[in-house]
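Q: One structure, pasted below without further comment.
The values are calculated or read from the model by the stated rules, or taken from the named source; none is laboratory data. It should be emphasised that the depicted structure is a prediction, and the values quoted were computed from it without experimental measurement. Cβ sites come from the backbone with ideal geometry, for glycine too, and all protein chains shown count toward neighbours. Quick note on the areas: whole protein, heavy atoms, side chains included, nothing else; ligands and nucleic acids left out. Shrake-Rupley method; radii C 1.70, N 1.55, O 1.52, S 1.80 Å.
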Amino acid sequence: MVVKLPETTEKVVENLLRLANTKIPEDIGWALEAAAEWETNKTAYSQIGAILDNIRKAEHLGKPMCQDTGIPIFYVRGKFDSSISKDIAQAVENCTRNIPMRPNTVDPFTRKNNGNNLGDGMPCIHYIPTADDFTEISVMLKGAGSENMTKLRMLNPADGMEGVKKFIIDSVLDAGGRPCPPGIVGVGVGGTADECVAMAKRALMEPLDHEDPDPFIKDLEEELFVKLNSSGLGPMGLGGNTTVLGVKVRKAACHTASLPVAVNIGCWATRRASARITDSDVTYSQGAVL
């Protein structure tokens, strides 16, 4: 028997883009609510209040929660074939027109904008083939304010963990209010230069309440969380107790002579959504461990 899904892949991706644009992930919403409770700085409290009000209005009106609807970054995991890229591209073009999403992609040299969020190398799709019996499509909307703060440093192995921690903390504090804090800090450690940066971005897809099974990484995330929130940078860089909502760290083995570290910051509107497609149904969520 052939089971016909109620939605095409193109429609599933359209649903993902609408969900990510108009509804904050539940884990991030709870983190912002908690931040409002512990803030003692009046300016910081008012900034978080404005963010929460914006979130409520976006969901109620079905409108994007930020004017910078970002560049959609896709992750396709499980079983799939290359034709899925056409469905994703068409969905991006449709949503640019219908949500609407701001057309952000331009040619890097001429700065020409085609008005559909497509172009050379766009949409950005990362493929993760696995033996699973489902197809999982995840999307993250990455605005320029946070993306421009991405940092990579090829540390000397002799710099050790103290060097790693210092680079992460310095990267966040040097970014100041430009990535619209409080946000999420994605960290990649190890691998090659390109894989390290990719890990830092993938880390932002992970729900804040997901605990890393590696106790060393879990402790590192907690230590960085406390130190960054003790810095006083605060919401929008205007001071306060809440600089980050969470820190997520990924690692990979690296060359004995290198120690790559990358930081990719997600703004308060770290917008993400996932859909798991099986032979019989589609299940939506707003986070994925990739």
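Q: Need the failing condition index for Gly49 against (1) touching a Pro at 6+ places or on another chain (Cβ under 8 Å); (2) open to solvent by less than 40 Å² (accessible area, probe 1.4 Å); (3) not charged (D, E, K, R), just the number.
A: Here Gly49 meets the rest and fails (1).
Q: Taking Phe109 as the residue in question, decide whether it is modelled with pLDDT of 95 or more, among the aromatic types (Phe, Trp, Tyr) and open to solvent by 60 Å² or more (accessible area, probe 1.4 Å).
A: yes
Q: For the range 118-158, how many residues meet the condition of being open to solvent by less than 30 Å² (accessible area, probe 1.4 Å), in contact with a strand residue (DSSP E or B) (Cβ under 7 Å, 6 or more places away or on another chain) and either of a type in the set (A, V, I, L, M) or within 27 Å of Cys180 (Cα to Cα) (or both)?
A: Total satisfying the criteria: 10.
Q: Here is a further query. Within the range 221-242, can one find any residue that is touching an Asp or Glu at 6+ places or on another chain (Cβ under 8 Å), open to solvent by 40 Å² or more (accessible area, probe 1.4 Å) and in contact (Cβ under 8 Å) with a residue 40 or more places away in the chain?
A: Scanning the range 221-242, I find at least one residue that is touching an Asp or Glu at 6+ places or on another chain (Cβ under 8 Å), open to solvent by 40 Å² or more (accessible area, probe 1.4 Å) and in contact (Cβ under 8 Å) with a residue 40 or more places away in the chain, so the answer is yes.
Q: Could you look through the range 52-65, keep only residues that are assigned to a helix (DSSP H, G or I) and either among the charged types (D, E, K, R) or farther than 30 Å from Ser231 by Cβ (or both), and pick out the one that is most open to solvent (accessible area, probe 1.4 Å)?
A: Residue satisfying both the conditions and the ranking: His60.
Q: Go through the range 179-235 and give me each residue that's assigned to a loop (DSSP other than H, G, I, E, B), within 20 Å of the chain's Cα centre (by Cα) and charged (D, E, K, R).
A: Glu206, Asp209, Glu211, Asp212
Q: In the range 109-162, what residues are on the phi > 0 side of the Ramachandran plot and in contact with a Pro (Cβ under 6 Å, 6 or more places away or on another chain)?
A: Residues satisfying the conditions are Gly115, Asn117.
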